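The values are calculated or read from the model by the stated rules, or taken from the named source; none is laboratory data. Keep in mind it's a predicted model, so treat the numbers as computed, not measured. Note: ideal-geometry Cβ built from the backbone for every residue, glycine included; neighbour counts use all protein chains shown. Quick note on the areas: whole protein, heavy atoms, side chains included, nothing else; ligands and nucleic acids left out. Shrake-Rupley method; radii C 1.70, N 1.55, O 1.52, S 1.80 Å.
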Amino acid sequence: MIPFLDLKELNRSLAPELHTALTRVLDSGWLVLGQEVEAFEAEFAAYCQTDYCIGVANGLEALHLILRAYDIGAGDEVIVPANTFIATWLAVTYAGARLVPVEPLPHTGNMDPQAVAAAITPRTKAIMPVHLYGQTAEMAPLMDLAERHGLKVIEDAAQAHGATCHGRRAGSLGHAAGFSFYPGKNLGALGDGGAITTSDPQLAERLRLLRNYGSRSKYRNEEAGFNCRLDEIQAAFLRAKLPLLDGWNQRRRQIAARYDAELGAAGLQLMQEAPGHVSARHLYVVRSPQRDALQVALHEAGVQTAIHYPVPPHLQPAYAGLGYREGAFPITEILHREVLSLPMGPTLDDSQVTAVIDAVKAVSARMQPAPAGPLA
Ligand SMILES: *Cc1c(COP(=O)(O)O)cnc(C)c1O
């Protein structure tokens, strides 16, 4: 079976570096908010082309704390993609603000700036674009809207470590950004982890308080903060991996280029890279009206795939209280019915890529041609 993502192999290949990092932390005896976190924050800020990085417990808390630090909460509206992983929505829910979901552009899956413009009200405080599948959202029009309406743009960069838009890195494109280091992300810890990047000194200062009980010095609490810290051990592991990220993303892009070149002819719809955008290729997503049959057939042919995501947030039981019905976000719902993520990751070798391409072509040729989807 060709794995969807061989995390075990990726981490095993780094065993010596990870052991060195572990030894360093053991020798220091310091486990929470110390030199490793501080050093990683400096290194990741430099990587993302921002002035500051604040290590936190995970990606969801990164987004949540940014909203808190901007005092966005009850009575405020935050515009989010309908087409995203539920964490983007949960961050807004945690903060107590109102979710205003908008539809994506079908060819990238990312937030449609025109839909965002139409959703702005006097209560809107922030726009939270997600750089879905590793490609940055259309940030220039979103930043224009934000400027005109006095809004914050908070990037959900959990899938886009290292992606660029006209040469600028994900994490530096909005006012602040949340990253996740969940193990399967392009830069993954050996457990949970997250970070916020920003070049706003006041925001950075407030975030350092909020992640640590609202405390700058021990047992003095300036505000009711949270316990949302990045562990020293995870920071040490992340420092071992960060220098390899660009090479890994390069390999992902090579694989994506081969898929792009060979799979269009197999009757699948491919997602597109927009001009000026260099995707981190976190996921390689194709669309098929016969997605479920395709997935089963590929599994039988020895190719493991995944679906990102099968049910959109507005149709999850968790958000039943918002009262959305099927059909509320038709483009989002079609994408959720049609998307399939093919094997992708830095350890996938050329023969495996060839085997995936051959399997997709063979399986597609056997399947009944379906009518083109409404988004064709
Ligand atoms: C993974 C992910 C998150 C959440 O990150 P965690 O570290 O798992 O909390 C948020 N948004 C998107 C788009 C993600 O893919």
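Taking the range 1-78 on its own, what percent of its Cα-Cα pair distances exceed 17 Å?
Working: 2038 of 3003 pairs.
Here the long-distance tail beyond 17 Å is 68 percent of all Cα pairs in the range 1-78.
How are the Cα pair distances of the chain distributed, in percent, across 20 Å bins from 0?
Taking every Cα pair in the chain, the percentages come to 29, 57, 14, 0.
Counting other C-beta atoms within 10 Å, and keeping those with at most 11, which DSSP coil GluC sites (Glu not before Pro) do you find in the range 286-376? Write out the running numbers ahead of the final one.
Numbers: sites: E300, E326, E333, E338; in loops: E326.
Taking the range 286-376 and a limit of 11 other Cβ atoms within 10 Å, the loop GluC sites (Glu not before Pro) found are E326.
Near the amide H of V130, under 5 Å away, which other amide H atoms are found, from residues 5 or more places off or on another chain, if H is placed in the peptide plane?
M111, D156
Counting only heavy atoms of the protein chains, get the accessible area per residue of the chain (1.4 Å probe) and round it to a whole Å² value.
Values: 15810 Å² over 376 residues.
Value for the chain: 42 Å² per residue.
For C48, tell me the accessible area in Å² from a 1.4 Å probe, rounded to the nearest 10.
Using a 1.4 Å probe on the heavy atoms, I get roughly 0 Å².
Can you compute 3J(HN,Hα) from phi for each residue in the range 216-223, using the Karplus curve 6.51 cos²θ - 1.76 cosθ + 1.60 with θ = phi - 60°, rounded to whole Hz and x for Gly and Pro?
9, 10, 3, 6, 10, 10, 7, 8
Name the residues whose placed amide hydrogens come within less than 5 Å of the amide hydrogen of R229, ignoring near sequence neighbours (fewer than 5 apart) on the same chain.
For R229, the qualifying residues are A57.
Please give the length that would be gained between A328 and R24 if that part of the chain were fully extended, namely 0.36 nm times their separation in residues minus their C-alpha to C-alpha distance (nm, one decimal).
Details: separation 304, 0.36 × 304 = 109.44 nm, distance 5.21 nm.
Residue separation times 0.36 nm, minus the Cα-Cα distance, leaves 104.2 nm.
With a cap of 12 neighbouring Cβ atoms within 10 Å, and only residues DSSP puts in a loop, list the chymotrypsin sites (Phe, Trp or Tyr not before Pro) found in the range 116-221.
The qualifying sites are Y219.
Can you work out the base-10 log of I(q)/I(0) for the range 209-353 at q = 0.10, 0.14, 0.21 1/Å, using the Debye formula on its C-alpha atoms alone?
Results for the range 209-353 at q = 0.10, 0.14, 0.21 Å⁻¹ read -0.58, -0.91, -1.21.
Got a sec? What order do T124, T20 fall in by accessible area at 1.4 Å, biggest, i.e. largest, first? Provide the component values of the computation, followed by the final result.
Numbers: T124 10, T20 80 Å².
Greatest to least solvent exposure: T20, T124.
Can you give me the three principal axis dimensions of the range 1-137 from its C-alpha atoms, in Å, biggest first?
Taking max minus min along each principal axis of the Cα atoms, the range 1-137 gives 54, 42, 26 Å.
When the chain is fully extended, how far beyond the present Cα-Cα distance does L31 get from Q254, taking 0.36 nm per residue of separation? Don't skip to the end; give the middle numbers.
On the way: separation 223, 0.36 × 223 = 80.28 nm, distance 3.81 nm.
Length gained between L31 and Q254: 76.5 nm.
As a test of the formula, what do you get for the chain when each DSSP H run with n ≥ 4 contributes -39,500 (n - 2.57) and the sum is divided by the residue count, at 222 nm and rounded to the nearest 500 deg cm²/dmol?
Numbers: 13 runs with 148 residues, N = 376.
Here the helix-only value at 222 nm equals -12000 deg cm²/dmol.
If you roll a 1.4 Å probe over the chain with all protein chains in place, what percent of the accessible area is carbon or sulfur? Each step should come with its number before you reach the end.
Working: 8370 of 15810 Å².
The C+S portion of the solvent-accessible surface of the chain is 53 percent.
If I model a spin label at V296 and D358 as a point 7 Å from the Cα along the Cα→Cβ vector, what separation in nanometres do I get?
Between V296 and D358, the simple spin-label model gives 2.5 nm.
Using only protein heavy atoms and a 1.4 Å probe, report how much of K185 is accessible, in Å² to the nearest 10.
Rounded to the nearest 10, the figure is 40 Å².
Expressed as a rounded percentage, what relative contact order does the chain have, with Cα pairs under 8 Å and six or more residues apart?
Numbers: 781 pairs, mean separation 80.8, N = 376.
The value is 21 percent.
What ³J(HN,Hα) values, in whole Hz, does the Karplus curve 6.51 cos²θ - 1.76 cosθ + 1.60 give for the range 98-111 when θ = phi - 60°, with x put for Gly and Pro?
8, 7, 10, x, 10, 6, x, 7, x, 7, 10, x, 8, 2
How many lysine pairs in the chain, separated by 8 or more positions in sequence or lying on different chains, have Cα atoms less than 26 Å apart?
5
May I ask you to rank I120, I72 by accessible area, largest first, using a 1.4 Å probe over the protein chains only? If you can, show how the numbers build up before the last one.
Numbers: I120 30, I72 10 Å².
The ordering from most to least exposed comes out as I120, I72.
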